[in-house]
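Visitor: Pasting a structure here, questions to come.
The values are calculated or read from the model by the stated rules, or taken from the named source; none is laboratory data. This is a predicted model, so every value here is computed, not measured. For neighbour counting, all protein chains shown are included, and Cβ atoms are generated from backbone atoms with ideal geometry for every residue, glycine included. When the accessible area is computed, the model is the full protein with side chains, heavy atoms only, and any ligands, DNA or RNA have been set aside. Shrake-Rupley method; radii C 1.70, N 1.55, O 1.52, S 1.80 Å.
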Amino acid sequence: CSSKPSIDASVTITTDSLDPLNTNTTIEKEKDAIPKMSDSTNDTTANTAIYNNNISTAVPSSRISRAFQFTRLGMGLAYGTATEALKRTTGTVSNSSSYPAAASDANAELLASSLCRMRGAALKLGQMLSIQDETLLPPTIAKALQSVRQGADAMPLRQLHAQMESELGVDWRNKLLTFEETPIAAASIGQVHDARLADGRRVAIKVQYPGVGNSIESDLSNLQMLMQLSGLAPKGLFIENVIRVGREELLVECDYVREKEHHLRFKNLIENDAILSREKFVVPGVIDDLCSSQVLTTEFAEGGTIDKVSSLSQEERNRIGKNILRLTMQELFVWRFMQTDPNWGNFLYDVGTGTTTLIDFGAAREFDKSFVDGYLRIVWANANRDEGLLLDQSHKMGFLTGEENQLMVDAHVKSGFTLGEPFASHEPYNFRESHISSRMSENGSVFMQHRLTPPPEEVYTLHRKLAGAYMLCIKLNAIISCRDLLEEVYDNYVFDIDGK
């Protein structure tokens, strides 16, 4: 990944999802990558240039080939560790005690580039690791893993064509007027192509990489073993929990039939939400006859990533920020069905119409009523600075064991109250000037050293989304009253047990 530019100009989010109330976020700007191509499938000169520029690599599609890649990675890490240890012994590197020899710059780059080349479960886990609290990882590894969030290498044309023929039939081109062979995006599971239907409608075609769905178990087992044996996964990271959640997410994301169902479900929810519809939030339609278990085609969404609207008026930026928070509250507390991917590229804003389009529902998931009951009580406690309720619910839900020392308890409470600040009063909250992100990160070292248990598994995905909503408001420099959003949800919520 680090050898090529990123897929789109977006803001990546670093989240400590290991503690329910610690959301340590940082922003990193990325640059545009794969250039736009003309609407011509015969522009072979440009395509060849792109695919020969270290952007296109074949996806290892069989278990044997992927196992070989892991073996090669393991040998490379071992060699890099030995080389780094020798350098430290001879005094040719400085600050040798700041991180283990396994976390050398060379090993970090090797790990990141290997994950980008393999795609699938290997890259997905790398992306999940990259959004954990950066204080838990050696700085070289944290920096290198930032690149895996920028996207994957693209498939060569032969693999792309084979996938399209396998999924849509040998005559798939006859269903299209044009098809851009250079992808406009490439991620862990698949890549996206710009195309036009015979009737002229512009569509986005997502094509899954071959073999990634069949290699989830072996990929995750091999990568977990490498991370643990190499010492790159510290104890406080709870790597086994990250692996388990990653496995569940990948099984869902590799099923494009299920993603289509999630997409249509979200489209219906948005269209039937009076406020979000009025605020011009939309979900594009699905093109059924160009969908399969590994290909998903939808109407093309106009506009740019939503983080690019910082030049708009304060009123418009406030409107967007507040409705993103409203959407997040609806997803969790009303629908109990959330798109959990925090990538801002999944929110496209059209400056001309003021429309916000939601895309990519592979990471959508449901939340049990019992979890939402407890979590809403925690959010309410945070907003009202109710330490007793916060600690009581944290113990009931398994965020705390009851055996933590006072330092950990105090950090937990402080983190929670900071997170609840935007909802504490009806006064407009200035997300940027509040420095809420940096203040949240102050507790990172305490959580790393004194955390006794990982949180409920729902939190790994939930906090990615919550952090994304906060960071978007910071990016927009939104100044908005948020208390009414929480009060509306809380006043209308029906708890199963214990009332309010």
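Visitor: State which residue pairs qualify: first residue on the phi < 0 side of the Ramachandran plot and inside segment 161-185, second residue open to solvent by less than 50 Å² (accessible area, probe 1.4 Å) and of a type in the set (D, E, K, R) in any location, beta carbons under 7 Å apart, and separation of 6 or more residues or different chains.
Guide: Short answer, once both residue conditions are applied: E180/D194; I184/D194; A185/D8.
Visitor: Determine the pairs where a residue that is farther than 15 Å from A424 by Cα and open to solvent by 50 Å² or more (accessible area, probe 1.4 Å), located within segment 371-396, has a partner that is outside any helix (DSSP H, G or I) and not β-branched (V, I, T) with Cβ atoms under 7 Å apart, the partner being 6 or more residues away or on another chain.
Guide: Pairs that qualify, where the first residue is farther than 15 Å from A424 by Cα and open to solvent by 50 Å² or more (accessible area, probe 1.4 Å) and the partner is outside any helix (DSSP H, G or I) and not β-branched (V, I, T), are H395/G402.
Visitor: I'm checking my understanding of the structure. Among residues of segment 151-207 that are open to solvent by 10 Å² or more (accessible area, probe 1.4 Å) and polar (S, T, N, Q), which one is farthest from the chain's Cα centre (by Cα)?
Guide: Restricting to residues being open to solvent by 10 Å² or more (accessible area, probe 1.4 Å) and polar (S, T, N, Q), the top hit is N174.
Visitor: Ok, one more. Looking only at residues that are modelled with pLDDT under 80 and over 23 Å from V242 (Cβ atoms) in segment 426-470, which one is least open to solvent (accessible area, probe 1.4 Å)?
Guide: S438
Visitor: Hey, another quick one. Give the residue that is nearest to the chain's Cα centre (by Cα), with candidates limited to residues of segment 353-369 that are surrounded by fewer than 16 Cβ atoms within 10 Å (Cβ to Cβ) and more than 12 Å from H262 (Cβ to Cβ).
Guide: Per the stated criteria, the residue is D368.
Visitor: Continuing with this model, one more query. Could you go through segment 338-356 and let me know if any residue there is over 30 Å from I184 (Cβ atoms) and outside any loop (DSSP other than H, G, I, E, B).
Guide: Within segment 338-356 (the criterion being over 30 Å from I184 (Cβ atoms) and outside any loop (DSSP other than H, G, I, E, B)), the answer is no, since none of the residues qualifies.
Visitor: Restricting attention to segment 402-417, which residues are open to solvent by less than 10 Å² (accessible area, probe 1.4 Å) and polar (S, T, N, Q)?
Guide: Residue satisfying the conditions is S415 alone.
Visitor: Can we say Y349 is within 26 Å of the chain's Cα centre (by Cα) and farther than 24 Å from H263 by Cα?
Guide: no
Visitor: Which residues, taken from segment 290-315, are at pLDDT 95 or above, closer than 26 Å to L160 by Cα and among the acidic types (D, E)?
Guide: Scanning segment 290-315 gives a single hit, E299.
Visitor: If you go through segment 260-293, how many residues are closer than 23 Å to E488 by Cβ and exposed (fewer than 15 other Cβ atoms within 10 Å of the Cβ)?
Guide: Count: 7.
Visitor: Among the listed residues L312, L290, L332, which satisfies the condition of being under 22 Å from the mean Cα position of the chain (by Cα) and among the hydrophobic types (A, V, I, L, M, F, W, C)? Break it down stepwise before answering.
Guide: On the way: L312 fails: under 22 Å from the mean Cα position of the chain (by Cα); L290 fails: under 22 Å from the mean Cα position of the chain (by Cα).
Of the residues listed, the single one that is under 22 Å from the mean Cα position of the chain (by Cα) and among the hydrophobic types (A, V, I, L, M, F, W, C) is L332.
Visitor: From the list F399, F337, exactly one residue is surrounded by 18 or more Cβ atoms within 10 Å (Cβ to Cβ) and in contact (Cβ under 8 Å) with a residue 60 or more places away in the chain. Which is it?
Guide: Working: F337 fails: surrounded by 18 or more Cβ atoms within 10 Å (Cβ to Cβ).
Of the residues listed, the single one that is surrounded by 18 or more Cβ atoms within 10 Å (Cβ to Cβ) and in contact (Cβ under 8 Å) with a residue 60 or more places away in the chain is F399.
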